[in-house]
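Enquirer: So that we are looking at the same thing, I have put the structure below in structure tokens.
Quick note: the coordinates plus some simple rules give every number you see, no bench work behind them. Please read all numbers here as calculations on a predicted model, not as lab measurements. Ideal geometry is used to build each Cβ from the backbone, glycine not excepted, and the neighbour counts take in all protein chains shown.
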Amino acid sequence: MICHIEVYGCQMNVHDGEILSGILKAAGHTVVRNAKIAEAVFVVTCAVREHAETRALGRITHLAGIPKKKPIMVLCGCVAQEHGEKLLKKIKLLDFVIGPDVYHLIPELLQERRRLSVTDQGAEDYEQVKAVREQFPRSYVTVMRGCDNFCTYCIVPYVRGRERSRPSELILKEVEKLVEAGYGEITLLGQNVNSYTHNGMNFPKLLEKVSTVAGDRCRVRFVTSNPRDLTAELASVMASRENICNQFHLPAQSGNDRVLKAMRRGYTRNGYIEKIAMLKELMPDIVISTDMIAGFPGETLEEFEDTVSLMKEVRYDYAFLFRYSEREGTAALNISPPVPVKERLRRLSILQDLQAKITLEKSREIIGREMTVLVTGPARRAGQMASRTMGNRLIILESLDFTPGELVPVRIVKADGYTHFGEPVSV
């Protein structure tokens, strides 16, 4: 069967798409990028934000009408897990609704002649699946799945299950194979990587071992971290290893202590700032990003201003900013009073304008600096190649004379905030 896969959401979903592709190919199916010739279409969805969910569900209607004959339509991922059989009743175009822990059943399910929803949750780790990696020279390695935090606004523990860490020996073996295959960057994935633990090994120790296996030619990153679990040990490991990227995504979500408590985040504003200071002291050039929510239930204007002031104080390089989005089954739905949607959007706009200004200023600070970039592939515009710094900044090279996976010393000559331009320099 000819299959087409589309992925929406986080890096975990992207890697799940690679796992799904591996399962389909192992069963003898063909996976293609052209939806027009597909006999089965798989949409891997994200349920964290309402917009992402709506976009993915709308995409199903569009994809179902592309081929001359309607393909088998399969909804996978977090939205499938969250709504299950309800989606079959709501969206008549759907044939299957498949949760993240039962992808291994898909080849068998495709032989069924009736519409099905299968969203059983278990401890599936897909260790026997050979993922089809399509983003050379960058790749993902899952170190843990699920989350035990139960932040009041978040659906992840309900759709991804409780925390379960992979054995370190399997992680290291996977990393070793990727390095041998020539990958230049590996990102360790988990809903909260800092709470990784297996047979007495915590995340800092795992990161140290991964760094050793990765060696001189392969960079190491990781996402995502709860600030509560960021330790001095982890920061020290990062600072001591040259191949661990000087980038840290540390979601704050709010700058106000009462709101943080209502979110059940487990840290205070001052505690968060102290950890940011620790990172910057050990790694002065570190690139720091965050997540922020505007208009959490009960958030007053004064409390929102605390988020604004936190962003001004930390001066993040990048930020992922969202208005609060109601998620069925989360505790935040019971918190009053709700902030009107119009006001949430107004507050979000304030955060976006502020961060755009800070990002541009931080971006221009590196003009004239020299750094080594990893070439990742062709850029969007013809005649250009894209590359990434250790801080994960996008650097455009005005030439095609580079190979994906190549490390190139460059001087930054132009920057507009999110995109930078580099010229190669002689070493």
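Enquirer: With a ≥ b ≥ c taken as the square roots of the eigenvalues of the C-alpha gyration tensor of region 370-424, please select rounded if a/c is under 1.5 and otherwise prolate if a/b is larger than b/c or oblate if it is not?
Expert: Rounded shape, in that the Cα axes give a/c under 1.5.
Enquirer: Please express the shape of region 114-177 as an equivalent ellipsoid: the semi-axes are the square roots of 5 times the eigenvalues of the C-alpha gyration tensor, given largest first in whole angstrom. Each step should come with its number before you reach the end.
Expert: Working: eigenvalues 122, 62, 33 Å².
After diagonalising the Cα gyration tensor, the semi-axes are 25, 18, 13 Å.
Enquirer: Over its Cα atoms, what ratio of radius of gyration to 2.2 N^0.38 Å does region 231-328 give?
Expert: That ratio works out to 1.14.
Enquirer: Oh, and also: Using a ≥ b ≥ c from the Cα gyration tensor of region 2-118 (square roots of the eigenvalues), is it rounded, prolate or oblate, where a/c under 1.5 gives rounded and otherwise the larger of a/b and b/c decides, a/b for prolate?
Expert: On the way: a/c = 1.25, a/b = 1.14, b/c = 1.09.
It comes out rounded by the Cα gyration axes.
Enquirer: Report, to two decimal places, the Cα Rg of the chain normalised by 2.2 N^0.38 Å (N = number of residues).
Expert: 1.00
Enquirer: Could I have the simple spin-label model distance between L345 and R33, label points 7 Å from Cα toward Cβ, reported in nm to one decimal?
Expert: Between L345 and R33, the simple spin-label model gives 3.5 nm.
Enquirer: Tell me the trypsin sites (Lys or Arg not before Pro) within region 138-205 that lie in a loop according to DSSP and have at most 12 other beta-carbon atoms within 10 Å.
Expert: Within region 138-205, the qualifying trypsin sites (Lys or Arg not before Pro) (loop, at most 12 other Cβ atoms within 10 Å) are R162.
Enquirer: Sticking with this one: Checking the cross-link filter: which lysines have an alpha carbon closer than 20 Å to that of K70, excluding same-chain neighbours under 8 positions apart?
Expert: Of all the lysines, those that pass the test against K70 - Cα under 20 Å, at least 8 places apart if same chain - are K36, K89, K90, K92.
Enquirer: Non-local amide H neighbours of Q384 (under 5 Å, H modeled in plane, Pro and chain starts lacking H): which ones?
Expert: Placed amide hydrogens put A379 under 5 Å from Q384.
Enquirer: Which ³J(HN,Hα) values in Hz, rounded to whole numbers, follow from the phi angles of region 414-426 under the Karplus curve 6.51 cos²θ - 1.76 cosθ + 1.60, where θ = phi - 60° and Gly and Pro get x?
Expert: 7, 8, 10, x, 9, 10, 10, 10, x, 10, x, 10, 6
Enquirer: Okay, moving on. What percent do you get for the relative contact order of region 89-235 when only Cα pairs under 8 Å and 6+ apart count? Intermediate results must be reported in sequence, preceding the final value.
Expert: Working: 201 pairs, mean separation 29.3, N = 147.
In percent, rounded to a whole number, it is 20.
Enquirer: So for the chain, averaging the separation of alpha carbon pairs under 8 Å that are six or more residues apart and normalising by length, what relative contact order in percent results?
Expert: It comes to 10 percent, rounded to a whole number.
Enquirer: Further question: Where a Cα-Cα gap under 18 Å defines reach, which aspartates and glutamates qualify for K209, not counting those fewer than 8 residues away within the same chain?
Expert: Within the straight-line cut-off, K209 pairs with E169, E174, E176, E180, E185, E233, E242.
Enquirer: In region 378-427, which chymotrypsin sites (Phe, Trp or Tyr not before Pro) fall in coil by DSSP and have 15 or fewer other Cβ atoms within 10 Å?
Expert: Of the chymotrypsin sites (Phe, Trp or Tyr not before Pro), the ones in loops of region 378-427 whose Cβ has at most 15 other Cβ atoms within 10 Å are Y418.
Enquirer: Here is a further query. Exactly which trypsin sites (Lys or Arg not before Pro) in region 319-427 are in a DSSP loop and have at most 15 other Cβ atoms within 10 Å?
Expert: Hits after loop and neighbour filter: R369, R380, R381.
Enquirer: Spelling out what I want: for every residue of region 257-270, take phi, set θ = phi - 60°, compute 6.51 cos²θ - 1.76 cosθ + 1.60 (Karplus), and round to whole Hz; glycine and proline get x.
Expert: Result, rounded to whole Hz: 5, 5, 5, 4, 5, 5, 6, 6, 8, x, 8, 10, 4, 4.
Enquirer: What percent antiparallel are the DSSP beta bridges of the chain, to the nearest 5? Let's see the in-between values first.
Expert: Details: 22 of 67 bridges.
Of the beta bridges lying entirely in the chain, close to 35 percent run antiparallel.
Enquirer: What's the longest uninterrupted piece of the chain once you rule out the GluC sites (Glu not before Pro) that are loop residues per DSSP with at most 13 other Cβ within 10 Å?
Expert: Numbers: sites that count: E112, E127, E134, E242, E326, E328, E365.
With a cap of 13 other Cβ atoms within 10 Å, the longest stretch comes to 1-111.
Enquirer: How charged is the neighbourhood of E423? Take every other residue with its Cβ under 11 Å from the Cβ of E423, and add Lys/Arg as +1 and Asp/Glu as -1.
Expert: Once all neighbours under 11 Å are counted, the net charge is 0.
Enquirer: Apply the Karplus curve 6.51 cos²θ - 1.76 cosθ + 1.60, θ = phi - 60°, to the phi angles in region 75-89 and return the couplings in whole Hz, x for Gly and Pro.
Expert: 9, 10, x, 5, 5, 4, 5, 5, 9, x, 5, 4, 5, 5, 6
Enquirer: Here is a follow-up. Among all cysteines in the chain, which have no other cysteine Cβ under 4.7 Å from their own Cβ?
Expert: Flagged as lacking a Cys partner: C3, C10, C46, C76, C78, C147, C218, C245.
Enquirer: Something else about it: Is it possible to state the helix-based mean residue ellipticity at 222 nm for the chain, with each DSSP H run of 4+ residues giving -39500 (n - 2.57), the sum divided by total residues, to the nearest 500 deg cm²/dmol? What is it?
Expert: On the way: 13 runs with 145 residues, N = 427.
Mean residue ellipticity, 222 nm, calculated: -10500 deg cm²/dmol.
Enquirer: Can I ask one more? Could you name the lysines in cross-link range of K312, using Cα to Cα under 26 Å and dropping any fewer than eight places away on the same chain?
Expert: K261, K275, K280, K342, K357, K362, K414
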